[in-house]
Structures are given as C-alpha cells and as structure tokens.
Amino acid sequence: MERCRELVRPALVEAVGSLHPWTGEMAAYALGWSDTAGTPDSGGSEGKGVRQAFAVLGAEAVGADGAEAVPGAVAVELVHTFSLLHDDIMDGDALRRQRPAVWKAYGTGPAVLAGDALLAQAVTTLAEAPGRHAASAVRCFCRTLNALVSGQAQDLRFEHRPWYGPGAVGPEQYRSMAEHKTGALLGCAVALGAVLGGAPDRTVTTLERAGRHLGLAFQAVDDILGIWGDPAVTGKPVHADLRRGKKTYPMLAALAGGGRAAHELAALLDPPQLLDHEAAAHVAALVEELGGRTATRHEARRHLDIARRALRDASLAHTAVQQLDMLFTYVLDRTR
C-alpha cells in the first residue's frame, strides 16, 4: 500500500490544492495532512489507502503501468473521504481517526460543503484523465456513486426498522446494503484501474466482482471492530455501533439464533435507546455468546474466498494478483 500511496500522493495533493482554500483546508484535515489551523500535522492519520492500492493494482493486473490508474485512484480516495464526511454527520460520530470529525471541528454546514467539493473534484479528476478511456471510467464511477447513495439510504432506513418480527432486517437485506455502501467503491477502485489500463469489459467485470466481495468482507470486519475494536486503534469510542443501535451483521446473526439469550438481547434493544457503557458491554457479551462475532468472521472469510476465486478465474498478471491477495489478507486481519 505504501508504494501505491507514494505513486498517487502528488496527484492527490494537486487535486485537493485546486479546491477553494477553505474547502481545501477541510479536505486536508479530513485526509490527515493538517490540523484545523492548516498546519501540517505529523500525528494525523492518512487512512489505510486500500482503495488507492486497488486502483493501481487493477491496472497492473491487466498488464498496464500502475501510473495509468492514478486518476482513478485519486477519484476513489476523494469520494471515499467525501462519504466519510457526510456519514459522520448522518451518524453523529464525533471522532474520526482519533481526531474530531470535520463537522465537529468546522461545523456541520462547512463539512457538508467540503464533502460536496471533494465529490465534484473526484468526477473532474476522472473526466480529465489522459488517454481514450476517461469516458468509460466516468460511467463506471457514476454507477458507483448511485450505488453508494442507495447503500447509505438503506443503512439509514434500517435504523427505523424493528430488530425482530415483521419488518425486521434480514441477512440478505443487510448484505445488499453492505454491497452498495462498501463493496461498490472497492469494486469500482479495482475496475477503474483496469478500465484506465485498457482492459476488455469481461476482465473489468471480473475484477469489479472481486472488489465487491472484498468490500463485503471489509464491512464484516468493520462490524466486528465497531463492537469489539480497541478505541486506541480504531479512533472511535468503545462499543460505538452498539451505543447508536446500528443494525450490523454480528447483531443480526446473534438475534437469528433464537433461545433465551436472543430473547434477552432483543428485550435490551427494544425500544431503541442510547445504551450506557454498562448496558453496551452487556449487549456485546450477549452478542458474542450467541455467536455473532464468529458468524461475522465466517461471513468475512466467505466473501474473501469468493473474491480470490474470481481473481484465479481471470487471466491476470501474476505479481499484481499476489499483491492483491496480500491486500485481501490485510482486510481480514486488520484492527482499524
């Protein structure tokens, strides 16, 4: 990931530098480059860079130079940052990467504006990509943007649906949401690299499918970290998802098991309420007792295996596939 980040970084800095100074300052803060005064921040986290790496490796996997994918890598990184800015507002998350979220640091209105600026710049960057594949890349990107909105809409509506009984969220509905909200952008990242690298449609489709399944694995691990992650590593409060009452895979899997513990868990969740530390810890223990963490880990591995099979079935450059496989392993084993 470090190699890919170094390749993409100059173009990413240029893209952010082209924004209005105020939105550019907020974007730099969101990316972990600076503090709220615009001063370079050595303690800021730039994030994992997974999507950038996927774009570069997508091009290399189809035999192209990784540099061909840089506009796609910049676009997915900008839109990922945009989605985090807006998600933090919608979810009421006050922290992001162990610092105040942009909306807490600058205000809600400015954070929305900064997100809008990042989205516009992402599309512009891709539309202005050199070569003859920019139009195809933009079409792929716009399909993904629609999927992201659909996934976020599903996620928000889940909050108003019951935990069990008629109208409850089922595992398949949850997977649909996760594929749109998380899988689509990872699939798009690797697909953009392939598109900009001149790959045929069939290869692009295969790589996008692999990325989408990796995204489902990524979301499953995120769900585990949202309940059991170490706040010092994740940068979010302990039991963050539980306190908000988010319908995540471990919770749904735990409730699906039935029995005394499942009924106790359901009683704690209905009616919806903001759980205090003690109640959240009890819920987390019940979810683990009911196999929610184990089931979610199995879900992550299942989608990871599907993604790996998709890569094996395609005719791709061996070295790039090896590096993609290393990224797949990182997704499963990450702690933040």
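Every read-out reported here was derived from the displayed coordinates using simple, explicitly stated rules and does not represent laboratory data. Small disclaimer: the values here were computed from a predicted structure and weren't measured. Cβ atoms come from the backbone with ideal geometry, glycine included; neighbour counts cover every protein chain shown.
For H239, which sequence-distant residues (separation of 5 or more, or a different chain) have an amide H within less than 5 Å of its own amide H, given hydrogens modelled in the peptide plane?
Amide H neighbours of H239: G229.
What are the ³J(HN,Hα) values, in whole Hz, obtained from phi via the Karplus relation 6.51 cos²θ - 1.76 cosθ + 1.60 with θ = phi - 60°, for each residue of region 143-157 in sequence order, with x given for Gly and Pro?
3J(HN,Hα) across region 143-157, in whole Hz: 4, 5, 4, 5, 5, 4, 5, 4, x, 5, 4, 4, 4, 5, 5.
For n ≥ 4 DSSP H runs only, could you compute -39500 (n - 2.57) per run for the chain, divide by its residues and tell me the 222 nm figure to the nearest 500?
Helices in the chain give a 222 nm mean residue ellipticity of -22500 deg cm²/dmol.
Note the full-extension length gain between E2 and R143 as 0.36 nm times their separation in residues minus their Cα-Cα distance, in nm to one decimal.
47.9 nm
How big is the shadow of the Cα convex hull of region 2-333, averaged over all directions, in nm²?
With every direction weighted equally, the projected area is 16.1 nm².
Under 19 Å Cα-Cα from K48, which lysines qualify once same-chain neighbours fewer than 8 residues away are excluded?
Counting by Cα, and skipping residues close in sequence, K48 has these lysines nearby: K181, K236.
Angle between the Cα long axis of helix 201-228 and the longest principal axis of the chain, 0 to 90 degrees, nearest 10?
With both axes taken from Cα atoms, the answer is about 40 degrees.
Work out the FRET efficiency for E289 and R132 from their Cβ-Cβ distance, taking R0 = 45 Å, and round it to the nearest 0.05.
Computed FRET efficiency for E289 and R132: 0.20.
Defining a contact as two alpha carbons under 8 Å apart and six or more residues distant in sequence, what relative contact order in percent does region 200-333 show?
38
What relative contact order, as a whole-number percentage, does region 2-333 give when Cα pairs under 8 Å and 6 or more residues apart are counted?
19
Report the FRET efficiency, 1/(1 + (r/R0)^6), for S176 and T36, where r is their Cβ-Cβ distance and R0 is 25 Å, rounded to 0.05.
After rounding, the FRET efficiency stands at 0.10.
What is the sum of charges around Q323, taking Lys and Arg as +1, Asp and Glu as -1, for the other residues whose C-beta is under 11 Å from the C-beta of Q323?
For residues surrounding Q323, the net value is -1.
What does the extension gain come out to for D276 and D91, with contour length at 0.36 nm per residue minus their alpha carbon separation?
Contour length minus Cα-Cα distance gives 64.9 nm.
For A67 and T108, calculate 0.36 nm times their separation in residues minus their Cα-Cα distance, and state this gained length in nm to one decimal.
11.2 nm
Students often check this: by mean Cβ neighbours within 10 Å, which of 165-174, 123-132 ranks highest, and how do the rest follow?
In descending order of packing, they fall as 123-132, 165-174.
Relative to the first principal axis of the alpha-carbon coordinates of the chain, what is the inclination of helix 70-91, with its axis defined by its Cα atoms, in degrees from 0 to 90 and to the nearest 10?
For 70-91 against the chain, the angle is about 30 degrees.
Check which residues have an amide H placed less than 5 Å from S34's amide H, if you skip close sequence neighbours.
Y29, D41
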